[in-house]
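Quick one: the structure is below, and I'll ask about it shortly.
The values are calculated or read from the model by the stated rules, or taken from the named source; none is laboratory data. Since this is a predicted model, take the numbers as computed values, not measurements. Reconstructed Cβ throughout: ideal geometry from the backbone, glycine too, with neighbour counts over all protein chains shown.
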Amino acid sequence: MAVKTGQHHAITAWNDAPTHTLSTGGVEFAYRELGPGTGVPVVFLTHLAAVLDNWDPRVVDGIAAKHRVITFDNRGVGASSGSTPKTIEEMARDAVTLIRALGFDRVDLFGFSMGGMIAQVIAREEPQLVRKMILAGTGPAGGEGIDKVTRISYQDTVRGLLTRRDPEEFLFFTRTPNGRGAAKEFLARLEERTNDRDKAISVGAFRAQLKAIHRWGRQQPADLASIHQPTLVMNGASDKMVPSKNTIDLDRRLLNTELVLYPDAGHGGVFQFHEDFVKRALAFLSENSRTRA
C-alpha cells in the first residue's frame, strides 16, 4: 500500500520544490518532483552519501524545463526511513518500488555514480520499466578500480576535514585551475536552496553504501547485452573515483550508446559542464529512437 503526503503543483525551480513523502513497502521515502505534469518522467538516482540537496540546481532545472523530474532519498538516507541497503541490487529494488508506488510504468533514468550502478540493475531486471538511461560517472559490476572507492572516499573526507573544505571538491573535480573553479561554483550552487533542506546522511548509512559499492566492484562482470535501452554514457576524462575507463567500457559493452567524455574534468564532469550536459540530455531524451552507429 502506498500513502502519499503533500500537495503536488507545477513547480519549475528545484530550489522551490517541496519535499513530499510516500509510504510504500514499509519505508517512508522522501522525494521531490518538478517540471511538467505529463510525459515520461526522469527519475534521478543519486551518488554515494548524497541527499536531496546534493543535486545541482542547474542540472535539475535544465532537465525539468522539458521533463517531469523525480528525485528521492534512498532508504535510510536523509529524510527517508528504514535501514540502508548494503547491496546495489537492494537499492535498485527500492527504486522500482517507489517508481511503481508513484504510479509510473515507464520512466527514463539519470543515474550518477552509485546511481548509475542502480540504473543498470533496474534496466536489466525491469526492462519494460525503462525507456532511456543517462549513466554518468559510473561503471559496470566488476569494473576496474571501483572497489577502491572506499579508500579514496575516506582519504578525501579526511582531507576535507583537515582543510575545512567539502570532500566533493577533491572527489568530483580535478585540481587544475578549471577544476578548482568549477568545484567552487558547484558547491555554491548546492547552497542556493535555503528552505526545507534535507538532513545529511548518517555515518552508518554512508558505511553501508560504501560496502555496497565495494561489493559491486568485486562482482563478476555482468552481461550487459540484455540492456537494450538507448543510453547516454558520460564522464569527465579524469575521474579518480570511478576511473573513466569504466565509462569507455560501458560504451563498448552496451548495445545502444552515445559516449561523452569532458576534458579536464573528473567524476563531476556533468556538473562542471552542466550547460552542455543539459543540452545533450534534452536532445537525447526527446529523440524518438536511437541506433548505435
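Name every residue in segment 258-293 that is at pLDDT 95 or above and of a type in the set (A, V, I, L, M), in order of residue number.
Listed by number, the residues that qualify are 259, 260, 261, 265, 270, 278, 281, 282, 283, 285.
How many residues does segment 19-60 hold that are in contact with an Asp or Glu (Cβ under 6 Å, 6 or more places away or on another chain), assigned to a loop (DSSP other than H, G, I, E, B) and closer than 25 Å to residue 183 by Cα?
So the answer is 1.
Checking the structure you have, find out if any residue of segment 229-237 is farther than 21 Å from residue 284 by Cα and among the small types (Gly, Ala, Ser).
The answer is no; no qualifying residue exists.
Still on this structure, please answer the following. Please name all residue pairs, on different chains or six or more residues apart, with Cβ atoms under 8 Å, provided the first residue is in segment 135-154 and is crowded, with 22+ Cβ neighbours inside 10 Å and the second residue is of a type in the set (Asp, Glu) and not in a helix (DSSP H, G or I).
Once the first residue is crowded, with 22+ Cβ neighbours inside 10 Å and sits in segment 135-154, its partners that are of a type in the set (Asp, Glu) and not in a helix (DSSP H, G or I) give 137/239.
Given the conditions (1) surrounded by 17 or more Cβ atoms within 10 Å (Cβ to Cβ); (2) more than 27 Å from residue 149 (Cα to Cα), which single one is not true for residue 23?
Tallying (1) surrounded by 17 or more Cβ atoms within 10 Å (Cβ to Cβ); (2) more than 27 Å from residue 149 (Cα to Cα), residue 23 fails exactly one: (1).
Among the numbered criteria (1) at pLDDT 95 or above; (2) farther than 24 Å from residue 268 by Cα, which single criterion is violated by residue 4?
Only one criterion in (1) at pLDDT 95 or above; (2) farther than 24 Å from residue 268 by Cα is unmet by residue 4, namely (1).
Report, ordered by the first and then the second residue, all pairs with beta carbons closer than 6 Å, sequence separation of six or more or different chains, a first member in segment 89-102 that is part of a helix (DSSP H, G or I), and a second member that is modelled with pLDDT under 95 and surrounded by fewer than 19 Cβ atoms within 10 Å (Cβ to Cβ).
97/25; 101/2
Which count do you get for residues in segment 211-260 that are under 19 Å from the mean Cα position of the chain (by Cα), part of a loop (DSSP other than H, G, I, E, B) and in contact (Cβ under 8 Å) with a residue 40 or more places away in the chain?
Total satisfying the criteria: 9.
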